[in-house]
Amino acid sequence: MPRKTPLAWFQLMKEKARLVVAIAGIGFADMLMFMQLGFQDSLYDSATVPHRMLQADLVMIDPQFKSLAAFTPFSREQLYQTKSSDRVQSVSSIRIAMGQWKNPETRLTRSILIWGIEPDAPSFKLPGLQENLEPLKLLNNVVFDRVGRPEFGAIAETFEKQGSVTTELNQQVINISGLVTMGASFTADGNVFMSDSTFLKLFRDRQASQVDIGLIQLKPGSDIKAVQAQLSANLPNVKVLTPEEFAAIERNYWESQGTIGFIFGIGVIVGFIVGTVIVYQILYTDVANHLPEYATLKAMGYSDRFLLNVLLQEALILAVLGFIPGFAVAVGLYQLTYAATLLPIAMTTNRAITVFVLTVAMCSISGAIAMRKLQAADPADIF
């Protein structure tokens with residue numbers, strides 16, 4: 001025996017124009033929540049890409065290190081002391097700083113994140129870096145991040161055509177000898193890699209004995225946690241972390257920035273409220289327009305619980321129908337945002353589930369509020 005079509009579906013389909021408006025409103029609310037959550041996640045993801053790309057088993061930083069945007073150097077001697085452990089295979093260092101990059105076409109300058117690495121030692125697991133380490137040994141040679149902001153100039157295109165590009169960094173002439181792929185972040189719009197020698201030439205106020213990040217490679221088969229505990233005990237003036245723990249520090253830094261989290265949180269709340277109000281207005285109008293029919297059902301013996309189920313079914317149907325276009329539009333906007341900003345923003349299963357749950361919640365809340373009007377459907381008053 002075929003199942004009967006739910007009464008809630010007929011109620012919604014009776015006023016198709018109103019249904020379309022409701023779907024559009026819920027879709028807009030969902031899209032707003034998707035974008036706010038997407039921007040928030042992309043901030044954290046982009047900020048921790050360098051940390052996750054480090055070619056190391058353990059990372060050493062100063063205890064005051066908060067972020068790539070707020071760091072404190074430490075003595076390189078502390079890094080070398082880790083070699084006293086029989087489980088440490090090699091160590092290397094990284095220096096970081098913000099520099100002024102001159103666009104070779106427009107001659108305008110823009111801040112860029114500079115990484116000073118040791119060309120003979122492992123540093124990053126980045127596409128294109130390994131094959132470009134040898135040229136970095138020459139002073140003033142740098143490797144440019146091909147997916148940085150376009151305001152730095154058409155560096156990648158020009159390099160692929162000519163084989164090299166010359167410009168200025170911190171008012172000194174540098175030669176681009178290769179390309180890598182890392183990406184922009186909220187910390188920096190682009191990245192450039194160079195040898196530690198070139199770095200110290202560009203930043204003469206920096207001491208050669210001071211480094212910002214220490215990379216520790218362990219021998220195969222080493223217990224990373226055990227070695228970490230040993231080094232931390234032997235070197236109390238620095239922090240020894242796994243790359244994952246290092247990335248967590250960066251993420252916590254951005255999460256703790258009250259204004260950033262507040263802005264994205266407000267956006268999600270606004271989207272939720274907008275959706276709740278829209279669904280409430282649709283359901284309230286539906287109840288008001290069909291009050292005689294609901295009163296008739298009551299007179300026939302149907303309980304308030306039955307009528308509440310009808311209303312909640314309408315709310316859930318609206319939630320599903322509104323979520324679909326909201327999801328589709330958000331995916332498209334994610335792609336446009338990535339193309340415009342190069343931020344790693346994309347749809348994830350967890351985010352889709354989160355927004356769907358929020359959609360069901362806001363529609364259910366609207367249905368529960370509209371139920372108060374439905375409970376006023378008294379057959380004695382109607383007839």
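The values are calculated or read from the model by the stated rules, or taken from the named source; none is laboratory data. These figures come from a predicted structure and were not determined experimentally. Positions of Cβ are generated from backbone atoms using ideal geometry, with glycine treated the same way; all protein chains shown enter the neighbour counts.
Condition first: over 30 Å from Leu336 (Cα atoms) and either of a type in the set (S, T, N, Q) or assigned to a helix (DSSP H, G or I) (or both). Now tell me which residues in the range 18-73 satisfy that. Once the filter is applied, which keeps residues that are over 30 Å from Leu336 (Cα atoms) and either of a type in the set (S, T, N, Q) or assigned to a helix (DSSP H, G or I) (or both), the range 18-73 yields Arg18, Gln55, Gln64, Thr72. In the range 270-277 there is at least one residue that is more than 27 Å from the chain's Cα centre (by Cα) and assigned to a helix (DSSP H, G or I).
Within this structure, Phe327 passes the test of being out of contact with any strand residue (DSSP E or B) (no Cβ under 7 Å at 6 or more places or on another chain), of a type in the set (Phe, Trp, Tyr) and at pLDDT 90 or above. Scanning the range 83-97 for residues that are aliphatic (A, V, I, L, M) and farther than 21 Å from Ser67 by Cβ yields a count of 2. Of the strands (runs of 3 or more DSSP E) entirely within the range 109-227, those holding at least 1 residues that are out of contact with any Phe, Trp or Tyr (no Cβ under 6 Å at 6 or more places or on another chain) and of a type in the set (Ser, Thr, Tyr) occupy 109-117, 165-169, 172-180, 191-195.
Residue-wise test of (1) part of a loop (DSSP other than H, G, I, E, B); (2) in contact with a Lys or Arg (Cβ under 9 Å, 6 or more places away or on another chain); (3) surrounded by 13 or more Cβ atoms within 10 Å (Cβ to Cβ); (4) not assigned by TED's automatic domain parsing to the domain that holds Lys83.
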position: Val268; (1), (2), (3), (4): no, no, yes, yes
position: Gly301; (1), (2), (3), (4): yes, no, no, yes
position: Arg305; (1), (2), (3), (4): no, no, no, yes
position: Asn309; (1), (2), (3), (4): no, no, yes, yes
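To keep it simple, each residue is scored yes or no on (1) surrounded by 14 or more Cβ atoms within 10 Å (Cβ to Cβ); (2) closer than 15 Å to Arg206 by Cβ; (3) of a type in the set (Ser, Thr, Tyr); (4) out of contact with any strand residue (DSSP E or B) (no Cβ under 9 Å at 6 or more places or on another chain).
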| residue | (1), (2), (3), (4) |
| --- | --- |
| Ile94 | yes, yes, no, no |
| Trp101 | yes, no, no, no |
| Ser111 | no, no, yes, no |
| Ile114 | yes, yes, no, no |
| Pro119 | yes, no, no, no |
| Glu131 | no, no, no, no |
| Pro135 | yes, no, no, no |
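Only one of the listed residues (Val355, Val287) is in a helix (DSSP H, G or I), within 14 Å of Ala8 (Cβ to Cβ) and of a type in the set (Val, Ile, Thr). That residue is Val287. Inspection of the range 65-82 finds a residue satisfying the criterion of being of a type outside the set (A, V, I, L, M), more than 15 Å from Arg251 (Cβ to Cβ), in contact with a helix residue (DSSP H, G or I) (Cβ under 8 Å, 6 or more places away or on another chain) and crowded, with 22+ Cβ neighbours inside 10 Å.
A Cβ distance below 6 Å, combined with a sequence gap of six or more or placement on separate chains, defines the contacts here; from the range 319-348, residues that are more than 23 Å from Ile23 (Cα to Cα) reach residues that are part of a loop (DSSP other than H, G, I, E, B) and at pLDDT below 90 in the pairs Thr337/Ile345; Tyr338/Ile345; Leu342/Val147; Leu342/Gly183; Leu342/Ala184. Considering the range 159-175, and only residues there that are closer than 16 Å to Gly128 by Cβ and not acidic (Asp, Glu), the residue that is surrounded by the fewest Cβ atoms within 10 Å (Cβ to Cβ) turns out to be Gly163.
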